[in-house]
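Q: Below is a structure I'd like to ask you about.
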Amino acid sequence: MEEARRCLVFDPRVGLALLVFANLAAFSEQPFWMEMIWIGFLLLLMLLHHCFAMAGKSLLIFGGILCLQYWILPAAPGWAATSFSIFANYARRMMPCLMIGFLMLRRTPMPYLVAGMRKIHFPQRLIVAVSVTLRYFPAIREETGYIRDAMRLRGVRGLAKLEGIMVPLMVSATGTAEELSAAAVTRGIEDPAPKTSLVELRASPVDCAAFVVGVGLTAALLAVKLGVFPW
């Protein structure tokens with residue numbers, strides 16, 4: 001059971017490396033076939049980590065962007081095509097980065113992410129900032145759920161519902177940030193001494209294969225840039 005659960009954890013070192021590779025591809029002129037390989041590879045990676053709903057949503061979003069870019073916008077009026085073509089192009093380019101980020105959020109627990117950043121020798125200040133920030137959003141989401149439950153009990157509707165969410169959320173946001181910062185300091189996250197961790201990072205065969213594929217796609221992109229492949 002423990003081994004099966006460990007296989008579902010996306011290794012943070014592989015995830016960060018793939019995120020760098022995907023950003024290099026996103027900000028470079030890459031052939032369409034390479035972009036499709038990236039999307040297919042990341043969809044397969046999501047399925048192997050049992051993120052079936054995420055893979056389905058990603059496929060629908062990417063298919064919708066392609067339909068918008070190649071079928072809807074060419075038939076639309078000139079002002080619509082001009083306004084939305086750039087958005088569709090950059091949204092399509094950023095899809096691999098977003099897919100890797102959402103997969104890490106779903107399958108990389110915070111202790112694993114912190115341990116992975118320490119293994120890669122990230123600066124301690126950056127580790128503190130990332131760990132506090134990523135713990136901040138779940139706390140805000142939980143607070144939002146409490147506010148919605150309270151408004152539902154009191155029958156708040158319409159614009160009053162928006163005000164009822166934003167005002168308490170803005171008031172509690174500062175307090176939540178301070179509490180998370182104090183909790184991180186209490187745990188000794190700012191201590192410059194070498195840290196120990198109960199988390200043992202071990203890349204699964206799926207993670208190792210994903211890293212190899214990411215390196216191969218990046219090497220292929222460089223080869224296309226250098227003119228080795230004429231595609």
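The values are calculated or read from the model by the stated rules, or taken from the named source; none is laboratory data. Being a predicted model, the structure only gives us computed values, none of them experimental. Positions of Cβ are backbone-derived with ideal geometry, glycine not excepted, and every protein chain shown enters the neighbour counts. Side chains are part of the model used for accessible areas, which takes the heavy atoms of the whole protein and leaves out ligands, DNA and RNA. Shrake-Rupley method; radii C 1.70, N 1.55, O 1.52, S 1.80 Å.
Q: Using only C-alpha atoms and all pairs of different ones, pull out the Kirkwood radius for the chain in Å with one decimal.
A: Details: mean 1/r = 0.0481 Å⁻¹.
Kirkwood hydrodynamic radius for the chain: 20.8 Å.
Q: Per residue, how much accessible surface does the chain expose to a 1.4 Å probe? Answer in Å², no decimals.
A: Values: 14380 Å² over 231 residues.
Per-residue accessible area for the chain comes out at 62 Å².
Q: If you take every residue apart from Ala177 with its C-beta less than 13 Å away from the C-beta of Ala177, what net charge results, scoring Lys and Arg +1 and Asp and Glu -1? Walk me through the numbers before you get to the answer.
A: Working: positive: Arg135; negative: Glu143, Glu178, Glu179.
Within the 13 Å Cβ shell, the charges total -2.
Q: Another question, then. Compute the Rg/Rh shape ratio of segment 27-156: radius of gyration over Kirkwood radius, all on alpha-carbon atoms. Can you show the working numbers first?
A: Numbers: Rg = 19.5 Å, Rh = 18.0 Å.
Expressed as Rg/Rh, it is 1.08.
Q: If packing is taken as the average number of other Cβ atoms within 10 Å across a peptide's residues, how do 45-51, 198-204 rank, most packed first? It would help to have the intermediate numbers written out before the result.
A: Numbers: 45-51: 19.6, 198-204: 13.0.
Ranked from most to least packed, the peptides come out as 45-51, 198-204.
Q: Sticking with this structure for a sec: Summarise the accessible area of the chain (1.4 Å probe, protein heavy atoms) by the percent that is carbon and sulfur.
A: Values: 9990 of 14380 Å².
Carbon and sulfur: 69 percent of the exposed surface of the chain.
Q: Taking the Cα centre of the chain as origin and charging only Cβ (+1 Lys, Arg; -1 Asp, Glu), how large is the dipole, in debye to the nearest 20? Don't skip to the answer; put the middle values down first.
A: Details: 22 positive and 15 negative charges, 51 e Å.
Charge dipole, the chain, about its Cα centre: 240 debye, nearest 20.
Q: For segment 93-228, max minus min Cα coordinate along each principal axis, in Å, sorted largest first?
A: Extents along the principal axes: 65, 41, 26 Å.
Q: Got the relative contact order for the chain handy, in percent, Cα pairs under 8 Å and 6 or more residues apart?
A: On the way: 145 pairs, mean separation 80.3, N = 231.
Reported as a whole number, the value is 35 percent.
Q: Here is a follow-up. Please list 3J(HN,Hα) in residue order for segment 31-43, calculated via the Karplus relation 6.51 cos²θ - 1.76 cosθ + 1.60 where θ = phi - 60°; whole Hz, with x for glycine and proline.
A: Once rounded to whole Hz, the list reads x, 5, 5, 6, 4, 5, 5, 4, 5, x, 4, 6, 4.
Q: Could you work out the percent of alpha carbon pairs in segment 145-207 separated by over 19 Å, rounded to a whole number?
A: On the way: 1186 of 1953 pairs.
Roughly 61 percent, rounded to a whole number.
Q: Here's a follow-up. How high is the relative contact order of segment 1-135? Use alpha-carbon pairs under 8 Å, at least six apart in sequence, and give a whole percent.
A: 41
Q: Related question: Find how many whole Å separate the alpha carbon centroid of segment 123-151 from the alpha carbon centroid of segment 30-58.
A: When both Cα centres are located, 28 Å separates them.
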